[in-house]
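Below: one structure, written as structure tokens.
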Amino acid sequence: MGEQALTPADAGADPAGTPATGTDATPEAAGAATAGMTADGQPAAPAGVPGAGMTADAGGTGGPRELTADLVAGPGGVMTDEVGVVTGELTLKTRYADGQATLAVQYKDADEWYAVTGGTAKLVDPADLDAVHTVALALLHRPEG
């Protein structure tokens, strides 16, 4: 139907029809939420946001960090530097330290870790450790053979 246009006098009016005047005309004074915006172009005070400026991983500065996952090695197993081929239920550890990612495996719930043969790579960005771990796990986890 018909649309009403607000006039400058109506724009600051309260619901009762009384025009708002002075400092009471601001939404903050009326108790309204402003979502950090103001009508007069002045920026709102910064709001504290938990976690703002934080990095996603616990290392934060590229220090030592590691990821682990259980896997089942396929028939060819996983070649290690220390003991040769290991097969069966294993745990993969992908570790980042000193600009390098290294892979190690252990028999599930065992104490000894073995370096995966050829399982080292230089990383420019410590955040790439997640991708290296995902790819290594996908290559080594072959429960169907």
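Below, the figures for the structure above:
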| read-out | value |
| --- | --- |
| Prolate/oblate/rounded call for region 58-139, Cα gyration tensor, a/c under 1.5 rounded | prolate |
| Rg in Å to one decimal, and Dmax rounded to a whole Å, for region 79-120 via C-alpha atoms | 10.2, 31 |
| Calculated FRET value between VAL135 and ASP81, using beta carbons and R₀ = 25 Å, to 0.05 | 0.80 |
| Cut-off under 5 Å, modelled amide H: who pairs with THR80 long-range | VAL85, VAL86, THR117 |
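Since every read-out is calculated from the coordinates, none of them should be taken as a lab result. Since the model is a prediction, treat every value here as computed from it, not as a measurement. No Cβ is skipped: glycine too gets one built from the backbone with ideal geometry, and neighbour counts run over all protein chains shown.
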